[in-house]
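Asker: Take a look at the following structure, please.
A short reminder: the numbers here are calculations on the coordinates, not readings from a lab. A quick note: this is a predicted structure, and the numbers were derived from the prediction, not measured. Virtual Cβ from ideal backbone geometry, glycine too; neighbours counted across all protein chains shown.
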């Protein structure tokens, strides 16, 4: 199976791997994801009814309520946080959420992650090294 | 992160465990952002609710909850006092007049709120209890570096006042309150405040003359752009503070607009050139009749026109809005099948009491609530809700799974409260 390696900047350290869940739309955590299940609940979102729990979330940016990090923390406590995440452009919401969710995170990759990675691919994230290894599903 | 002497001292624990934990968190946060130093702040606005964790945390001890959730600490940390001037966001429910029972809030939320208020008092958090600190005694000045939560207030502070804050969360704002520090990053720097998306409003088909019109414009643009800064042009009439309050809230709900410019209105946009920093915008967005219609329809996905609850005042109603709603209710009666909830800040409610607005609202069968939010209603989600806030129309279906939510003007909402029927339409 085809493997692709991407290089970027550390947001939060540690390693995590899982199945990718990819969106080109911004993601809201507070009032956008059910903290007890990890399911996307935002009306009109392309990931609605899908769960980010235990996956590697690949998304362009965080948005919405400033209670973003608080919701991320609740998700982590409930054991429904993603294994890692790849953030297109970091803002304070996703930076703080990475810290309190204790979730390996990278940004500023050398290729556009939402183009290279498809939902269902297997993705390994090494936060400290800023490395992403993608195993394509097909 | 490079640390100054006082920052290193806090990190080393020389000012106690709470400030040490707070510095540790802020350093991790600064690293995640890619910042390299801190700046001093003395205006912090925090999320104080212990309520959020009622589902997952058993203790109602404020120090336990704050250690775990505010400071990311498994070790119990007893906070002495905050260092910066600090005000707080709304609580979750209104404890006055048994309003919390009216919205069917569980006893646990009541108990947590009592604990939260004791905790705030003890550590020196000034309990403004509102999502609109700029209406109630926490007004920063132009250029001031501040640390604020609440997406609508952040956008208002950045865009309308010209103060400087990033979109902070519960943990970062609490840590800033304890230390008086925040990462020097993002909107604190000049170069990150200039706009990059030009929004042209079609004045022939759109008359920007009400809160609702402003909300729809921001809601449309917010849903279209990412972490960009829009520059609104062609706005002929100077909006009032209520319009800009709604404008700030709507753009931060559909999207992430935490900074914007209105040419000729907001303080960093005397001209288009100033707003763009003389750089070419990356996109131009047009907003006219079609976009307005599309936005209205998106915000009105309800089907059942029998309205159970009318929830207005998000962000918290201003004095002008409470006065206006009282005028609409003068001599009227709220329908027996409908509950009318009007949200404002305690400080504004005090003026409303004095002016007799609260009595008019009560006499009509409505309720003026403080410290709270229309998202915090604990009734079955089959209830049909009408609101004049795009933010609530956006979040009630997502966060609370209410399917039937109507959106319109204050007048539409009061009409629904009186008749029990939704008759709002796009005029």
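Asker: When the C-alpha atoms of the range B:1-128 are aligned to their principal axes, what extent does each axis show, in angstrom, from largest down?
Answerer: 51, 28, 27 Å, listed from the longest principal axis down.
Asker: Report, for chain B, the % of DSSP beta bridges that are antiparallel, rounded to 5.
Answerer: DSSP beta bridges in chain B are roughly 10 percent antiparallel.
Asker: Quote the relative contact order of the range B:180-329 in percent (integer), defining contacts as alpha-carbon pairs under 8 Å separated by 6+ residues.
Answerer: 29
Asker: Further question on the same structure: Classify the range B:354-413: rounded, prolate or oblate, from the alpha-carbon gyration tensor (a ≥ b ≥ c, eigenvalue square roots; a/c under 1.5 rounded; otherwise prolate if a/b is larger than b/c)?
Answerer: Taking the square roots of the gyration eigenvalues as a ≥ b ≥ c, the range B:354-413 is prolate.
Asker: Further, regarding this structure: So for chain B, averaging the separation of alpha carbon pairs under 8 Å that are six or more residues apart and normalising by length, what relative contact order in percent results?
Answerer: 16
Asker: For chain B, with a Gaussian network of springs between Cα atoms less than 10 Å apart, report the residue from B:97, B:196, B:376 with the top mean-square fluctuation.
Answerer: The residue with the greatest mean-square fluctuation here is B:97.
Asker: Given an 8 Å cut-off on Cα distances and at least 6 residues of separation, report the relative contact order of chain A as a percent.
Answerer: About 38 percent, as a whole number.
Asker: Give, in whole angstrom and from largest to smallest, the semi-axes √(5λ) of the equivalent ellipsoid of the range B:276-356, with λ running over the eigenvalues of the Cα gyration tensor.
Answerer: 35, 23, 10
Asker: Put one equal scatterer on each alpha carbon of the range B:112-254, apply the Debye formula with no solvent term, and list log10 I(q)/I(0) at q = 0.12, 0.22 1/Å to two decimals.
Answerer: -0.55, -1.49
Asker: Continuing with the same structure: Taking only the alpha carbons of the range B:81-163, what extent do you get along each of the three principal axes, in Å, biggest first?
Answerer: 43, 28, 17
Asker: Further question on the same structure: So what are the range B:298-427's ellipsoid semi-axes, whole angstrom, largest first, if each one is the square root of 5 times an eigenvalue of the alpha-carbon gyration tensor?
Answerer: Output for the range B:298-427: semi-axes of 23, 16, 13 Å.
Asker: With a 10 Å Cβ neighbour count serving as the proxy for reagent exposure, in which order, fewest first, do B:152, B:59, A:69 appear?
Answerer: Arranged by neighbour count, lowest to highest, B:152, B:59, A:69 become B:59, B:152, A:69.
Asker: Taking the C-alpha atoms of the range B:246-310, how large are the radius of gyration and the largest Cα-Cα span, Dmax, in Å?
Answerer: Just the Cα atoms of the range B:246-310 yield Rg and Dmax of 16.6, 52 Å.
Asker: In addition: What list do you get for A:43, B:19 if you sort them by fewest beta carbons within 10 Å?
Answerer: A:43, B:19
Asker: Additional query: So for each of B:173-179, B:111-117, B:156-162, B:383-389 I average, over its residues, the number of other beta carbons within 10 Å; can you give me the resulting order with the highest mean first?
Answerer: B:173-179, B:383-389, B:156-162, B:111-117
Asker: How large is the helix-only mean residue ellipticity at 222 nm for the protein assembly as shown, computed as the sum of -39500 (n - 2.57) over DSSP H runs with n ≥ 4, divided by its residue count, in deg cm²/dmol to the nearest 500?
Answerer: The helix contribution divided over the protein assembly as shown gives -9000 deg cm²/dmol.
Asker: Let me ask you something else. Looking only at other chains, what is the average number of their beta-carbon atoms within 10 angstrom of each beta-carbon in A:28-38?
Answerer: 4
Asker: Based on DSSP, what percent of beta bridges with both residues in chain A are antiparallel, to the nearest 5?
Answerer: Percentage antiparallel, nearest 5: 60.
Asker: Here is a follow-up. To the nearest whole number, what is the average tally of beta carbon atoms from other chains within 10 Å of the beta carbons of peptide B:159-172?
Answerer: For this peptide, the per-residue mean of nearby foreign Cβ atoms is 5.
Asker: Could I ask something else about it? Counting C-alpha atoms alone, how compact is chain B: give Rg to one decimal and Dmax as a whole number, in angstrom.
Answerer: 21.7, 65
Asker: Next question. Given N residues in the protein assembly as shown, what is its alpha carbon radius of gyration divided by 2.2 N^0.38 Å?
Answerer: The reported ratio for this selection is 0.93.
Asker: Now for a different question. For the range B:333-389, rounded, prolate or oblate, judged on the Cα gyration tensor with a ≥ b ≥ c (square roots of eigenvalues), a/c < 1.5 rounded, else prolate if a/b > b/c?
Answerer: oblate
Asker: Please give the helix A:68-77 orientation as an angle from the longest Cα principal axis of chain A, in degrees from 0 to 90, rounded to the nearest 10.
Answerer: Helix A:68-77 and the main axis of chain A meet at about 80 degrees.
Asker: Run the quick spin-label model on residue A:36 and residue B:12: label points 7 Å from Cα toward the beta carbon, then report their separation in nm to one decimal.
Answerer: In this crude label model, residue A:36 to residue B:12 measures out at 4.8 nm.
Asker: From the P(r) of the range B:1-49, can you give the percent of Cα pairs sitting at distances over 16 Å?
Answerer: Every Cα pair in the range B:1-49 considered, those over 16 Å come to 45 percent.
Asker: Among DSSP beta bridges whose residues both lie in the protein assembly as shown, state the antiparallel percentage, nearest 5.
Answerer: Taking every DSSP beta bridge with both residues in the protein assembly as shown, the antiparallel ones total about 35 percent.
Asker: If you don't mind, another one. What is the fewest-to-most order of B:99, B:316 by other Cβ atoms lying within 10 Å of their Cβ?
Answerer: Fewest-to-most Cβ neighbours within 10 Å comes out as B:99, B:316.
Asker: Based on the alpha-carbon gyration tensor of the range A:49-108, what equivalent-ellipsoid semi-axes (square roots of 5 times the eigenvalues) come out, in whole Å, largest first?
Answerer: Each semi-axis is √(5λ); the values are 15, 13, 11 Å.
Asker: Right, next: So for the range A:1-97, Kirkwood radius off the Cα pairs, Stokes-Einstein at 10 °C and 1.306 mPa s: how many µm² s⁻¹?
Answerer: After rounding, the answer is 117 µm²/s.
Asker: Counting every Cα pair in the range A:39-138, what percent are over 20 Å apart?
Answerer: Above the 20 Å cut-off, the range A:39-138 has 34 percent of its Cα pairs.
Asker: Over the whole of A:69-78, what's the average partner chain Cβ count within 10 Å per residue? Rounded to a whole number, please.
Answerer: So the per-residue partner count for this stretch is 5.
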